[in-house]
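Each remark here refers to the structure printed beneath this line.
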Amino acid sequence: MSVHQATEKQRGRPYVRLIWGLVMLALGILALWLARGSQLWPAEALFPWQQERLRLYLQLTGFWFLFLALLAALSTLFTFDHLLSIHSRVTSRRALFILISLALVFATAYGTMAVIRHLRFNSTAYDLAIHEQAIWSTLHGRPFATSLEVDNYLADHFGPFLIVPMIPYTLYQSPLTLVVLQALVLGLGAIPVFRLAQRKLSSDLMAWAIAIAYLLYPALGFLARFDFHLEIFAVPAFLAAFDALDRDRWGTATIWLLIPLLCKENLGLTVAAWGLYALLVRRKPSWGVAWLLVGLAQFWFTSFLLIPALRGQSSDTLMRYAWLGDSPPEMIETLLTSPGQVWARVTSARRLFYLVQLLAPIGFLSLLGPCELALAVPGLVVNLLSMSRPQSTIFFQYTVPVLPSVFISAVWGTAHLKRLLPGPWAWHLAGLALIPLSLTAFLIENPFREQPPLPSLWEEMENAGAVRQALEMIPAESTVVTTNTYAAHLAQRSGIYI
């Protein structure tokens, strides 16, 4: 079927657009009405700053839905296809050059911010010092050795992939190497996002809009801002894996999926979800079953055998789910037998606000790609059920298993949007609107601004000069007992304690 025939077929179903437009109109009015409320939730449910940001998100969402409703109405009543007819495509080499340039802008901005943050004593032992000490120890013949919390990094988290950032660290042994590398790795995720969107949407304009939205995505910025975490390598890896999967390059996808498995134990659950997706949606039974089993096996082996064996006791991660029970079997029993209790926790105000923070910056388009968004379910379940407050926020590393699926499903959601806005002009206009939408969401959260739940960003202690002189006087071979604030400046030693 030609593009013209497909468009005509879609125009022959105006009632679908009418219903969808009315739904968008109703949701837009509802969001704006809720935003006018003096207090959206009881004061004890959300902090004042959360209440204010939720109000801003509701206003943004309301205008976005009303905009989509307007486009649906206009595309039903009028034909303006001649106003926006885009046929030219960006060459692969030029697109790659532009994408790398944008990634470097992202890396420069966030890398500079992370460097300044560290130099002003705002980085922390948890988790910059932990990772640097493990890398430094490995370089000095003691693989993954640490003195913070546990004796070996692998006794805390399964992360043998730590040997990869060790390579650039060898060239310049400083925590600054790690934070700059982190910003660069996250920025490069824009490349598979663009490639996937360009192929799925057959539009360079829409692909650029989604790639820019990715680089402006607040949760991505906070990943680049907060210390250093090994699992950030999983973000571009998951995106590249789906790009390969979508091209039926299953061997390439396999290589990319190995990276998350080697970054952290809980990412095995997300990999298992990918196997299930390949089995049920992509109809690739052998590949899907293999990765479903590999992901589950990695999670079970590392979480319940390897880490406890190295640690000498169960992982302290389980304590975050103690409300479910004292052991994994009891936790599973609670999940199955007390759905009301589980639902009440998952739908609490703080956790619903977390979901808004994840989906609003991309215009909730991810909801139009439910099968692809389901890849985020394991990560969301782990975060929403945890008693640890940081896990259900966008400010820390816990968004890693969720973030790639948000953008993969947003690409699929944008493709579905094309069926609801069949006129090329309306669909491309919606794509262009993603840029100011994501920019506004960026300004609402703004990772370059001081944030209540995070350590300070720009502020520097009054006696910073004296502290630097004192740190330089400590012999490199000495064992040090220090604070969470200074540990990131003293990690290149075998003994450091908080």
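Figures for the structure shown
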| read-out | value |
| --- | --- |
| Rg to Rh, two decimals, where region 251-327 supplies the alpha carbon set and Rh follows Kirkwood | 1.07 |
| Average accessible area per residue (Å²) across region 252-361 - probe 1.4 Å, nucleic acids and ligands excluded | 48 Å² |
| Using θ = phi - 60° and Karplus 6.51 cos²θ - 1.76 cosθ + 1.60, couplings along region 472-482 (whole Hz; Gly, Pro as x) | 5, 7, 7, x, 5, 8, 6, 8, 10, 10, 9 |
| Cα-based reach from Lys264 at 15 Å (exclusive), listing aspartates and glutamates while leaving out same-chain residues under 8 positions away | Asp127, Asp156, Glu231, Asp316 |
| Where region 92-139 is the region considered: accessible area per residue in Å², 1.4 Å probe | 40 Å² |
| Spatial separation of Cα centroids for region 270-314 and region 195-260, in angstrom | 21 Å |
| Volume of the Cα convex hull of region 298-349, divided per residue and given in Å³ | 90 Å³ |
| Descending principal axes extents, region 55-199, alpha-carbon based, whole Å | 70, 42, 30 |
| Distance (nanometres) between label positions extended 7 Å along Cα→Cβ at Arg247 and Met319 | 4.6 nm |
| Globularity ratio of region 285-328, using Cα Rg and 2.2 N^0.38 Å | 1.44 |
| Debye equation applied to the C-alpha atoms of region 113-238, log10 I(q)/I(0) at 0.10 Å⁻¹ | -0.37 |
| 5 angstrom amide H check on Asn152, placed H, neighbours 5+ away | Thr146 |
| Rg over Rh [alpha-carbon atoms, Kirkwood Rh] for region 178-330 | 1.02 |
| Region 165-237: relative contact order in percent, alpha carbon pairs under 8 Å with at least 6 residues between | 38 percent |
| Per-residue ³J(HN,Hα) for region 426-433, Karplus 6.51 cos²θ - 1.76 cosθ + 1.60, θ = phi - 60°, Hz, x for Gly and Pro | 5, 5, 5, 5, 4, x, 4, 5 |
| Percent of Cα-Cα distances greater than 26 Å, calculated over region 352-498 | 49 percent |
| The chain: mean projected area of Cα convex hull, nm² | 25.5 nm² |
| Kirkwood hydrodynamic radius of region 261-405, Cα pairs, Å | 16.3 Å |
| 3J(HN,Hα) from dihedral phi, region 120-126, Karplus parametrisation 6.51/-1.76/1.60, rounded to Hz, x for glycine, proline | 9, 6, 10, 7, 9, 5, 9 |
| Extension gain, Ala464 back to Trp33 (0.36 nm per residue minus Cα-Cα distance, nm) | 150.3 nm |
| Accessible carbon and sulfur surface of the chain relative to its total accessible area, %, 1.4 Å | 67 percent |
| Computed over region 235-290, Cα set: Rg, Dmax in Å | 10.3, 28 |
| 5 angstrom amide H check on Arg120, placed H, neighbours 5+ away | none |
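The values are calculated or read from the model by the stated rules, or taken from the named source; none is laboratory data. Small disclaimer: the values here were computed from a predicted structure and weren't measured. Here the Cβ is made from the backbone with ideal geometry for all residues, glycine too, and neighbour counts use every protein chain on show. The protein model used for the area step is the full one, side chains on, heavy atoms only, and it has no ligands, DNA or RNA in it. Shrake-Rupley method; radii C 1.70, N 1.55, O 1.52, S 1.80 Å.
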